[in-house]
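> Below is the structure I would like to discuss, written out as structure tokens.
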Amino acid sequence: MLYSNGSTRRPSKAPRRRPAPSDIRSRVRARQEGFALLVALLALVGLTALATGGFLMANSERKTATNYREVVDALYVADAGLSQYLGTHRGTPSGTQSYSYGRRGSATVTPSQLVNLGSDGSVWELSSTGTSSTGTTRTVSTVAFLDLNVLPIPNGALTSGGGVKKNGSSGGIDGNDQCGVKGAKAGLVVPPNGFQGDTTIIQGSPKIINSNNPFQGVITASQWNSILSGDRIPHTYDVPPDAFPNFDSLPADEWPVVYYDGNGQFDSGEAGRGVLIVSGNATLKGNFNWDGLVMVGGSVTDNGQGVLNGAVMSGLNTLLGQNVNSDDLGDVLNGTKRYQYHSCNLANAGKSLALLIQEPGTWSQSF
């Protein structure tokens, strides 16, 4: 056999040189450093992946929290709008009402009538859509009853807590409903032995009711206090500081609540309509006419002519334990004025005061 060296003899192998110890250590160190680098690279990749995952998770949670906050804001402003509408709206609902809550957002309340119960009131659905600052919306709704019977309606044309003294036989006190909707009321409601004068000027069914509490079932002391403060019946005008309204300049369908603080004198310049509340005594002079309800804390002195079409209550401060008698009896009627019960005027005076009462268990949320 011919080998590569041209000979038939196998060339001898050169002896393998044993690496020096320093070479071995260098190779081991190189391998260790390479492995450490690989581990470091793997660790760096892992940490990078963890950091990326953590960032993505945090970002996702932040977006989730932001979305939740916006939903909560929208829900809260929707509910706030609904509560504010129920707490502040008076009269028959009409159109939409908007409320702003700053950076939280805004709410729009829309009423829709479900059932009309006539003179007893009506049933309404109130829908409130809340919009957060970023445009997220939520809608809540409830059912409410519109109570038309907010005004205390007395049992006669004239109800006096201090009694009535009528001088002369002119004028009249008539409990027959002048608009023919309701049945006849009493002409006069007073305490026992609470009337002096000519009974022929009194009409009604019965003519006179004598009661130890003429206001029983009509108004209580706490209700009268809340009317004086404006809580139960909000005052449209507070006189003073407001001036007495000029009714010639008001729309014909406006029946305001006029509160007069203290003793007042009223003549043709104060003639009007709605609810007149006087905390002290009232002197009715000249040609004073009023359509609606007159409520006087003290006594009434009537020296003029005219017509009070609705109902009059005087001596209401007796409910508070006060003495309202300015003469032998509380009210002194000297003039020729007519006190006439008029249920339609009372209804008109009460329309703008109607209260929405939320029906329990009707709150719901729409998505």
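> Report whether or not residue 311 is closer than 30 Å to residue 89 by Cβ and in a helix (DSSP H, G or I).
No.
> Then there is this: Give the residue that is surrounded by the most Cβ atoms within 10 Å (Cβ to Cβ), with candidates limited to residues of segment 154-166 that are part of a loop (DSSP other than H, G, I, E, B) and within 34 Å of the chain's Cα centre (by Cα).
This residue is 161.
> Related question: State all residues of segment 185-214 that are over 15 Å from residue 331 (Cα atoms), touching a strand residue (DSSP E or B) at 6+ places or on another chain (Cβ under 8 Å) and part of a loop (DSSP other than H, G, I, E, B); if no residue qualifies, say none.
Within segment 185-214, 185, 204, 205, 206, 207, 211 meet the criteria.
> Can you confirm whether residue 176 is surrounded by fewer than 20 Cβ atoms within 10 Å (Cβ to Cβ), in contact with a strand residue (DSSP E or B) (Cβ under 7 Å, 6 or more places away or on another chain), in contact (Cβ under 8 Å) with a residue 60 or more places away in the chain and in a loop (DSSP other than H, G, I, E, B)?
yes
> If you take the residues in segment 230-286 that are surrounded by 16 or more Cβ atoms within 10 Å (Cβ to Cβ) and in contact with a Lys or Arg (Cβ under 7 Å, 6 or more places away or on another chain), which one is nearest to residue 149 (Cα to Cα)?
255
Residue by residue, here is whether (1) touching a strand residue (DSSP E or B) at 6+ places or on another chain (Cβ under 7 Å); (2) free of Cβ contacts under 8 Å to residues at least 40 places away in the same chain; (3) closer than 22 Å to residue 218 by Cβ holds:
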position	(1), (2), (3)
309	yes, no, yes
314	yes, no, yes
331	yes, no, yes
341	yes, no, yes
345	yes, no, yes
351	no, no, yes
354	yes, no, yes
359	yes, no, no
364	yes, no, no
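> Among the residues of segment 324-350, write down those that are modelled with pLDDT under 85 and outside any strand (DSSP E or B).
324, 325, 326, 327, 328, 329, 330, 335, listed by residue number.
> Failed condition for residue 169, given (1) buried (at least 18 other Cβ atoms within 10 Å of the Cβ); (2) under 30 Å from residue 332 (Cα atoms), with all others met?
Unmet condition: (1).
> So the check is Cβ under 8 Å with 6+ separation or different chains; which pairs have a first residue in segment 192-205 that's charged (D, E, K, R) and a second one that's modelled with pLDDT under 95?
198/166; 198/168; 198/169
> A further question follows. Only one of (1) more than 20 Å from the chain's Cα centre (by Cα); (2) not in a loop (DSSP other than H, G, I, E, B) is not met by residue 142, so which one is it?
Only one criterion is unmet by residue 142, namely (1).
> When you check residue 309 against the structure, is it surrounded by fewer than 24 Cβ atoms within 10 Å (Cβ to Cβ), in contact with an Asp or Glu (Cβ under 6 Å, 6 or more places away or on another chain), polar (S, T, N, Q) and more than 17 Å from residue 263 (Cα to Cα), yes or no?
Yes; evaluated as a whole, the condition is true for this residue.
> Would you check if residue 111 is modelled with pLDDT of 95 or more and crowded, with 16+ Cβ neighbours inside 10 Å?
yes
The values are calculated or read from the model by the stated rules, or taken from the named source; none is laboratory data. Keep in mind that this is a model prediction, so the values were computed, not measured. Neighbour counts run over all protein chains shown; Cβ positions are idealised from the backbone, glycine included.
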